[in-house]
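First comes the structure, then the notes that go with it.
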Amino acid sequence: MGLTIGVDIGGTKIAAGVVDESGTILETSTVPTPPTPEGVVDAIAAAVRTVGAGASAEAVGIGAAGYVDDKRATVLFAPNIKWRHEALKDKIEQRVELPVVVENDANAAAWGEYRFGAGRGHDDVVCITLGTGLGGGIILGGRLHRGRFGVAGEFGHIRMVPDGLLCGCGSQGCWEQYASGRALVRYARQRAAADPERAEALLGLGDGTPEGIEGKHISEAARAGDPVAVDSFRELARWAGAGLADLASLFDPSAFIVGGGVSDEGDLVLEPIRKSYRRWLVGARYRPHAQVVAARLGGRAGLVGAADLARQG
Ligand SMILES: [Zn+2]
């Protein structure tokens, strides 16, 4: 199969792109994400038709945030779009007249990195995406591990801290409450409130209050060596690395790929993650260590991965 179309459904925009066999995006079309669940379906179909017109694409892969069933057809539950048992495959196939595959967005991104990014050359890869929350994807023996019911790799809601912080999912102490973009902001705000003098530079990037500190301010300050911002990244990295050590016990991969906005900071966050990973890895002195590397495809991973999964059929 030659060209396929990948779709990435974001909170603010839906992107569709024609992708070739080497993972290169040839053409894209973006539309704003509509507010209603039905509107999103229409917008996906419109984006696919726009980008597909003139290109001889043979299939469509859609990455969606949420639980996707084992037939890769129905979104069982999407927290942000309010899809409940949404028959997305059927609805899009009717509108675009191409075969459609639906995949969890973090799985699609993991597949993209495995095929064309930081996971190339590895057969066993575990990806974590540190975005607003924490997503995950598992490749074992060169295959995407989806689980019996299609919902494997939801690492963000592993309970890391018994009776810990309340999570949006209703549980307490979930990993993403400690290792995610949202957690990073919380760490920085807490530090700024506790010691405003030390956080003066960081506070100055926002409106001067701890609540005014946002992720972009923490990144900017950390790059300039600001101690409060660097500490906040290290706190996040400690939790991320400790979780990866647990995942090594489960999956024993040769590489962990860390993606999402937080990973844009490179070794500033990767190095403390590696350190924490080695600290908590059981029997660390007596076993081979998986690499912990930054994702390479950035925001393109989900679209490229979804397109390639559609190509695989
Ligand atoms: Zn949770």
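Structure above, values below:
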item: Of residues in region 158-188 being within 11 Å of the ligand (Cβ to nearest atom) and in a helix (DSSP H, G or I), the one farthest from A229 (Cα to Cα); result: W175
item: Tabulated pairs, region 141-164, first on the phi > 0 side of the Ramachandran plot, second hydrophobic (A, V, I, L, M, F, W, C), C-beta under 7 angstrom, 6+ apart or interchain; result: G150/V68; G153/A106; G153/I138
item: Those residues of region 115-133 which are within 28 Å of A45 (Cα to Cα) and in contact (Cβ under 8 Å) with a residue 60 or more places away in the chain, in sequence order; result: R115, F116, G117, T129, G131
item: Lone unmet requirement of (1) without any contact (Cβ under 8 Å) to a residue 60 or more places away in the chain; (2) assigned to a loop (DSSP other than H, G, I, E, B); (3) under 22 Å from the mean Cα position of the chain (by Cα) for I44; result: (2)
item: Top-ranked residue of region 120-157 - restricted to ones that are within 14 Å of the ligand (Cβ to nearest atom) and touching a Gly at 6+ places or on another chain (Cβ under 7 Å), ranked as modelled with the lowest pLDDT; result: T132
item: Residue in region 234-248 that is over 24 Å from A110 (Cβ atoms) and either at pLDDT 95 or above or more than 22 Å from the chain's Cα centre (by Cα) (or both) present; result: yes
item: Residues of region 187-209 classified as surrounded by 18 or more Cβ atoms within 10 Å (Cβ to Cβ) and free of Cβ contacts under 8 Å to residues at least 24 places away in the same chain, total; result: 3
item: Lone qualifier among E265, E220 - being over 17 Å from the mean Cα position of the chain (by Cα) and on the phi < 0 side of the Ramachandran plot; result: E220
item: Only listed residue being among the β-branched types (V, I, T) and either without any contact (Cβ under 8 Å) to a residue 40 or more places away in the chain or out of contact with any Gly (no Cβ under 9 Å at 6 or more places or on another chain) (or both), chosen from V7, V51, V19, V31; result: V31
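The values are calculated or read from the model by the stated rules, or taken from the named source; none is laboratory data. Note that this is a predicted model, so its numbers are computed, not measured. Glycine also receives a Cβ, built like all others from the backbone with ideal geometry; neighbour counts cover every protein chain displayed.
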